[in-house]
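Here's the structure, in structure tokens; my notes come after.
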Amino acid sequence: MDKISEACFLAKIEEVLTRYVDKIYPSKEALEKVLRSGKKLTFYHGIDPTGPHLHLGHSTNLLLMRRLQFLGHKIIFLVGSFTARIGDPSDKDATRKPLTRKQIEDNLKTYKEQANKIIDLKGPNPVLIKFNSEWLDKLTLEEMFKLAANFTVQQIIERDLFQKRIKANKPISLHEFLYPLLQGYDSVAMNVDGEIGGTDQTFNMLAGRLLVQKYLGKEKFVITTPLLVNPKTGKKLMSKSEGTYIALDNLPNDMYGKVMALPDETIIPCFELCTEVPLQIIKEHEKALSARGGQAGKVNPMEIKKKLAFEIVKMYSSEKDAKNAEKEFKRVFQKREIPSKVPTFQTPQKSYNIIDLLVETGLAPSRSEAKRLIEQKAVELDGKLIAIYQSPITIKDGMTIRVGKRRFIKIRL
């Protein structure tokens with residue numbers, strides 16, 4: 001290895017050990033030593049298919065996997081096709097409802113396409129996709145008892161999430177105790193050298209580390225990644241259960257708009273964890289944001305957020321799509337113009353109650369929600385605010401209804 005390639009190799013290793021990383025078990029130094037040796041390792045990251053979309057919260061782990069893949073290591077993208085039927089208790093203050101096989105199959109349909117936006121599934125060192133139902137469906141009751149014998153009730157009950165539920169007098173289902181054992185067994189079944197996952201998965205991943213030591217007699221590295229949270233509130237930015245997430249397969253305009261709707265205080269965390277923008281540039285953005293208001297010439301947060309939105313759309317679509325999404329955002333949200341493409345609703349009626357119209361067009365799921373939107377001054381008809389919902393609306397061909405910032409319908413007679 002010549003000096004230039006060696007320097008590049010070492011720089012890439014340092015990026016793996018620092019960017020997107022919260023903590024490394026047993027230590028950063030131990031993993032660094034193995035990586036520097038040139039030995040090829042097998043790492044995996046697992047996701048339970050609890051919804052049909054991967055989102056920006058998943059991207060941190062996928063980006064780290066891509067860097068390890070670039071260095072030639074074997075990467076496994078594990079789909080929790082069995083564990084999703086159990087329900088991961090991690091970071092939950094109530095028992096998660098297990099999914100059916102049908103729900104899991106529906107959610108899995110687009111996972112490969114979404115993951116392939118970051119990790120390479122077809123190149124010279126392709127990421128392998130595996131499903132843990134392959135081995136967990138075959139686990140016998142005797143094997144399960146032997147697996148459970150490696151842990152104590154005290155070890156499981158000491159988890160923060162269980163302690164919180166006990167103090168709040170909330171139930172803990174017995175099957176939730178078994179989830180870390182099953183996730184841990186994944187590491188044994190695949191004979192991996194390391195696992196990557198969010199800090200909320202630390203307990204489960206360390207359970208796997210213990211089982212690898214017991215069953216396979218070797219070390220398993222655990223790399224935890226920071227969760228994407230609002231630094232002010234500590235609340236997760238991407239939540240499937242609450243429907244507040246930016247999906248990796250969102251359309252470019254939708255993705256750009258959703259990024260622009262994020263709170264200003266999340267700009268830097270999203271740059272750090274959801275993009276590959278060099279840290280030096282991110283530091284410059286952070287400096288500009290922190291100095292705003294005190295020095296002349298510093299940027300408005302919106303301008304830096306536009307850069308963030310551009311980078312994210314470019315990553316999951318293309319630079320051309322990012323440029324078009326940026327133009328559309330300026331036109332619709334800053335100039336208050338109608339989008340270039342608007343869904344249409346055809347009707348023979350020339351008069352409508354606005355409540356009925358919002359429900360029939362799908363802009364409101366119910367009459368009560370339609371009333372709430374009007375009361376919150378979120379409904380416009382051809383650019384004019386609708387303040388009352390009692391009076392009938394005269395329908396004109398081509399008129400446009402706007403609800404909130406991003407929902408439009410054009411009426412056709």
Can we say V192 is in a helix (DSSP H, G or I) and modelled with pLDDT of 90 or more? no
Output for region 5-24, where each listed residue is in contact (Cβ under 8 Å) with a residue 40 or more places away in the chain and acidic (D, E): E15, D22
Kindly list, by first and then second residue, each pair from a residue in region 396-410 that is closer than 12 Å to L358 by Cβ to a residue that is of a type in the set (D, E) and part of a strand (DSSP E or B), limited to pairs with Cβ atoms under 7 Å and residues at least 6 apart or on different chains. R402/E380
Test of understanding: among N125, N61, N132, which residue is surrounded by fewer than 21 Cβ atoms within 10 Å (Cβ to Cβ), polar (S, T, N, Q) and modelled with pLDDT of 85 or more? N125
Which condition does L262 not pass, out of (1) in the same structural domain as A189 (by TED's automatic domain parsing); (2) part of a loop (DSSP other than H, G, I, E, B), if it passes all the others? (1)
Scan region 299-324 and report the pairs whose first residue is in contact (Cβ under 8 Å) with a residue 40 or more places away in the chain and whose second residue is acidic (D, E) and surrounded by 15 or more Cβ atoms within 10 Å (Cβ to Cβ), with Cβ atoms within less than 7 Å and a gap of 6+ or a chain change. K306/E326; F310/E326; V313/D321
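In the set K384, K377, which member is more than 22 Å from T344 (Cβ to Cβ), free of Cβ contacts under 8 Å to residues at least 12 places away in the same chain and of a type outside the set (A, V, I, L, M)?
Of the residues listed, the single one that is more than 22 Å from T344 (Cβ to Cβ), free of Cβ contacts under 8 Å to residues at least 12 places away in the same chain and of a type outside the set (A, V, I, L, M) is K377.
For (1) modelled with pLDDT under 95; (2) at positive phi; (3) hydrophobic (A, V, I, L, M, F, W, C), each residue gets a yes or a no:
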| site | (1), (2), (3) |
| --- | --- |
| A7 | yes, no, yes |
| Y20 | no, yes, no |
| S37 | yes, no, no |
| K40 | no, no, no |
| L68 | no, no, yes |
| I86 | yes, no, yes |
| D91 | yes, yes, no |
| P98 | yes, no, no |
Which ones in region 124-142 are among the hydrophobic types (A, V, I, L, M, F, W, C) and touching a residue at least 40 places away in the same chain (Cβ under 8 Å)? V127, L128, I129, F131, W135, L136, L139
Considering every residue within region 30-43, establish whether at least one is crowded, with 18+ Cβ neighbours inside 10 Å, out of contact with any Gly (no Cβ under 9 Å at 6 or more places or on another chain) and either β-branched (V, I, T) or not assigned by TED's automatic domain parsing to the domain that holds Q280 (or both). yes
What are the pairs with Cβ atoms under 6 angstrom where one residue, in region 232-247, is within 18 Å of A84 (Cβ to Cβ) and surrounded by 12 or more Cβ atoms within 10 Å (Cβ to Cβ) and the other, located anywhere, is modelled with pLDDT under 90 and of a type in the set (S, T, N, Q)? Sequence gap at least six, or different chains. K240/T50
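So which residues in region 135-183 are charged (D, E, K, R) and loosely packed, with under 15 Cβ neighbours inside 10 Å, if there are any at all? Talk me through it step by step, then tell me what you get.
Here is the first cut: in region 135-183, the residues charged (D, E, K, R) are 137-138, 142-143, 146, 158-160, 164-165, 167, 170, 176.
Passing the criteria: D137, K138, E142, E143, K146, E158, D160, K164, K167, K170.
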Would you confirm whether any residue within region 146-156 is under 28 Å from the mean Cα position of the chain (by Cα) and at pLDDT below 90? yes
Would you pick out the residues in region 184-213 that are among the hydrophobic types (A, V, I, L, M, F, W, C), within 17 Å of M65 (Cβ to Cβ) and surrounded by fewer than 24 Cβ atoms within 10 Å (Cβ to Cβ)? M190, V192
What are the pairs, 6+ residues apart or on separate chains, where a residue within region 254-268 that is in contact (Cβ under 8 Å) with a residue 40 or more places away in the chain has its Cβ under 7 Å from a residue that is surrounded by fewer than 21 Cβ atoms within 10 Å (Cβ to Cβ) and assigned to a loop (DSSP other than H, G, I, E, B)? G257/R406
Do you know which of the residues in region 362-413 that are of a type in the set (A, V, I, L, M), more than 36 Å from the chain's Cα centre (by Cα) and loosely packed, with under 14 Cβ neighbours inside 10 Å is nearest to K258 (Cα to Cα)? A387
Per-region count, region 248-259, residues buried (at least 21 other Cβ atoms within 10 Å of the Cβ), part of a loop (DSSP other than H, G, I, E, B) and in contact with a Leu (Cβ under 8 Å, 6 or more places away or on another chain): 1
Can you find even one residue in region 271-286 that is of a type in the set (K, R), within 24 Å of the chain's Cα centre (by Cα), in a helix (DSSP H, G or I) and modelled with pLDDT of 90 or more? yes
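The values are calculated or read from the model by the stated rules, or taken from the named source; none is laboratory data. What you see is a predicted model; the values in this text were computed from it and never measured. Cβ sites come from the backbone with ideal geometry, for glycine too, and all protein chains shown count toward neighbours.
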